[in-house]
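S.K.: Dropping a structure here in structure tokens format, bear with me for questions.
The values are calculated or read from the model by the stated rules, or taken from the named source; none is laboratory data. This is a predicted model, so every value here is computed, not measured. Note that we place each Cβ from the backbone using ideal geometry, even for glycine, and neighbour counts take in every protein chain shown.
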Amino acid sequence: MLRTERYTPYLFLLPALALLVVWRYVPLVTGLRESFYTNALSFTGAKEYVGLDNFRRLFDDPVFWKSVRVTFLFNVVVTPLQTVLALLLALLVNQKLRGMAAFRTILLLPVAISINVTALAWGLALDTNYGLVNGILELVGLNRQPFLRSEDQAIWTMVGIVSWIGVPFWTLFYLAGLQSIPHEVREAARIDGASRFQIFHQITVPLLQRVTLFVIVSDTVINFTLFIPPYLLTRGGPQESTNLMMYEAWQRGFTYSDLGSSSAMALLLLVVMMAVVGLEFLVLRPRH
């Protein structure tokens, strides 16, 4: 009886583990295998083993390198931006002010909306000819802007759209972290004569270090694998200015039927993402 009870928890976990293997590890192993083969988008047909040729073709492809630059630029901007704004918003909504409950509800609305719906809604709002945003700009005497149709503006517009969803989501984690800090700690510092900035810099930020690490690492993974907004709004354009690596990998596999190159690019994306996340853990991990 005791031996049976010992294995009971694992039996309950078995379905979840089976799904994890099927939906996570099988595609990973399949993609790794496909990166060393060529000959079309067919998992069952005959393939030719080409070794590292798919990787060599990528390294000789200027489109690949541009997608790498765009991906890094996007992540260098969007992850710190979302983290800082989320922390500032959490500090704001943590205040006991009149109307704050209603403000919190409004702030969290983007989190409740599907990213597909959000992307399409912003695409309509930012339309050059009929969009609400350009209508407002024209109303106040400013020129209409191309936004997603401009090579110079498209990536920054994408940053704004993604942050509109991401910032409220990460604010929840920072808010939970702020509310877990004992009030007595800050009150003692205030009695000792510490200013608000000193309390924030020397008490709040260090005590939120684990939350910050979680937010930055999670946001990095999400942004490196971002696919829906470029797919729905720009198709990687204009002039490949929003051609993130995840979208380019999908396009090579399912538009150009080059599964080998697509798998190789996805594998490289995974390696780069793991390297960046590892660096973030090294730099930001709590020292105590």
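S.K.: Return yes when Glu5 is modelled with pLDDT of 80 or more and acidic (Asp, Glu) and no when it is not.
M.R.: Values: modelled with pLDDT of 80 or more: no; acidic (Asp, Glu): yes.
No: the conditions fail for Glu5.
Per-residue answers, yes or no, for (1) over 23 Å from the mean Cα position of the chain (by Cα); (2) in contact (Cβ under 8 Å) with a residue 24 or more places away in the chain; (3) part of a loop (DSSP other than H, G, I, E, B):
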position	(1), (2), (3)
Val70	no, yes, no
Asn75	no, yes, no
Leu85	no, yes, no
Ile106	no, no, no
Pro110	no, yes, no
Ala119	no, yes, no
Thr128	yes, no, yes
Leu137	yes, no, no
Glu151	no, yes, yes
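S.K.: Take the residues in the stretch 235-248 that are buried (at least 19 other Cβ atoms within 10 Å of the Cβ) and touching a Phe, Trp or Tyr at 6+ places or on another chain (Cβ under 9 Å), then tell me which one is farthest from Phe36 (Cα to Cα).
M.R.: Checked the stretch 235-248; the qualifying residue farthest from Phe36 (Cα to Cα) is Thr242.
S.K.: Sticking with this structure for a sec: So how many residues does the stretch 255-288 have that are surrounded by 19 or more Cβ atoms within 10 Å (Cβ to Cβ), over 19 Å from the mean Cα position of the chain (by Cα) and not charged (D, E, K, R)?
M.R.: 6
S.K.: Going through the stretch 193-219 one residue at a time, which ones are in a loop (DSSP other than H, G, I, E, B) and more than 16 Å from Leu91 (Cα to Cα)?
M.R.: Gly193, Ala194 - these are the residues of the stretch 193-219 that are in a loop (DSSP other than H, G, I, E, B) and more than 16 Å from Leu91 (Cα to Cα).
S.K.: Give the residues of the stretch 87-103 that are more than 21 Å from Thr212 (Cβ to Cβ) and in a helix (DSSP H, G or I), sorted by residue number.
M.R.: Those that are more than 21 Å from Thr212 (Cβ to Cβ) and in a helix (DSSP H, G or I): Met100, Ala101, Ala102, Phe103.
S.K.: Something else about it: Considering every residue within the stretch 64-87, establish whether at least one is in contact with a Lys or Arg (Cβ under 9 Å, 6 or more places away or on another chain), surrounded by 13 or more Cβ atoms within 10 Å (Cβ to Cβ), closer than 29 Å to Met245 by Cα and of a type outside the set (S, T, N, Q).
M.R.: The answer is yes; a qualifying residue exists.
S.K.: Here's another thing I want to ask about it. Every residue in the stretch 223-234 that is in a helix (DSSP H, G or I) and crowded, with 17+ Cβ neighbours inside 10 Å, please.
M.R.: Asn223, Phe224, Pro229, Pro230, Tyr231, Leu233, Thr234
S.K.: Would a scan of the stretch 179-202 turn up a residue that is touching a helix residue (DSSP H, G or I) at 6+ places or on another chain (Cβ under 6 Å) and in contact (Cβ under 8 Å) with a residue 60 or more places away in the chain?
M.R.: No, that holds for no residue.
S.K.: Would you call Arg252 part of a helix (DSSP H, G or I), charged (D, E, K, R) and loosely packed, with under 15 Cβ neighbours inside 10 Å?
M.R.: Answer is no for this residue.
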